[in-house]
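Heads up: the structure comes next, in structure tokens.
The values are calculated or read from the model by the stated rules, or taken from the named source; none is laboratory data. This is a predicted model, so every value here is computed, not measured. Here the Cβ positions follow ideal geometry from the backbone for every residue, glycine too, while neighbour counts run over all protein chains shown. Accessible surface is based on the protein model in full, side chains and every heavy atom, while ligands, DNA and RNA are left aside. Shrake-Rupley method; radii C 1.70, N 1.55, O 1.52, S 1.80 Å.
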Amino acid sequence: VYLMYHEIELPGRPMCQGEPGYVRYVVKGSAFQSQLRWLKENGWRGLSVGQALKAERDRDIVLTFDDGCETDLIVAAPLLRELGYNATFYITVGFLGNRGFLSQAQVRELSDQGFEIGCHSMTHPYLSDLSEKELQHEIADAKKALEQITRRAVNHFSCPGGRWDQRVIEVARNAGYQTLTT
């Protein structure tokens with residue numbers, strides 16, 4: 001089972017984006033805490049994508065976060081550490097440093113804390129709409145950029161909007177990703 005989160009809403013803190021298509025993916029901080037505590041109390045183990053590939057337990061759940069919102073570091077990471085959980089944070093490289101999103105230093109900090117960093121593209125387009133050259137930039141170049149930031153391999157890719165086609169699979173495979181998530 002995979003749970004995919006985006007931004008975590010905090011009272012008094014503006015969200016990264018305000019359009020309805022984005023806001024529908026935002027979860028309140030109190031709801032996020034309740035969900036993760038319920039999982040822990042009911043015997044679920046929170047894993048990253050990489051850990052799940054090697055896991056053999058039935059009560060495992062993969063926790064992922066898309067986009068690279070600053071709340072990944074200030075809300076999710078402390079709670080995950082408290083519960084002994086891991087997660088994969090899929091970062092959109094082009095969002096780094098924008099209001100409400102992580103900085104490069106914060107992505108490195110998440111990685112240094114032991115959380116897995118995955119890629120969510122360079123600029124968050126629908127990949128199935130792109131040319132081959134654009135796919136290389138969004139998938140392969142974004143991977144290289146994140147690896148430079150984290151100084152670690154980035155092995156997992158999440159498709160923005162869940163949109164993909166066979167070309168996306170081939171570019172991701174050729175770039176060296178182990179998984180592609182939709």
Expressed in nm to one decimal, what extension gain is obtained for the pair residue 174 and residue 58 from 0.36 nm per residue of sequence separation less their Cα-Cα distance? 38.6 nm
If I model a spin label at residue 3 and residue 74 as a point 7 Å from the Cα along the Cα→Cβ vector, what separation in nanometres do I get? 2.2
So if R0 is 45 Å, what FRET efficiency would residue 137 and residue 41 give, r being the distance between their Cβ atoms, rounded to the nearest 0.05? 0.55
Per-residue ellipticity at 222 nm for the chain, helices alone: DSSP H runs ≥ 4 residues times -39500 (n - 2.57), over residue total, nearest 500 deg cm²/dmol? -8500 deg cm²/dmol
Find the relative contact order for the stretch 120-182 and round it to a whole percent, using C-alpha pairs within less than 8 Å whose residues are 6+ positions apart. 41
Dipole of the stretch 28-94, positive end: most advanced residue of 89, 43, 76 [Cβ charges, Cα centre]: 43
Applied in sequence order to the stretch 138-150, the curve 6.51 cos²θ - 1.76 cosθ + 1.60 (Karplus, θ = phi - 60°) yields integer Hz couplings, x standing for Gly and Pro, of 5, 9, 6, 5, 5, 4, 4, 4, 5, 5, 5, 5, 8
Using Cα springs under 10 Å in a Gaussian network model of the chain, which residue among 87, 145, 31 shows the largest mean-square fluctuation? 31
Against the longest alpha carbon principal axis of the chain, how many degrees, from 0 to 90 and to the nearest 10, is the axis of helix 29-41 turned? 70
Descending accessible area (1.4 Å probe), largest on the left, turns 28, 54 into 54, 28
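By how many nm would the segment from residue 98 to residue 27 grow when fully extended, if each residue of separation counts as 0.36 nm and the alpha-carbon distance is taken off?
Numbers: separation 71, 0.36 × 71 = 25.56 nm, distance 2.01 nm.
Result for the pair: 23.6 nm of gain on full extension.
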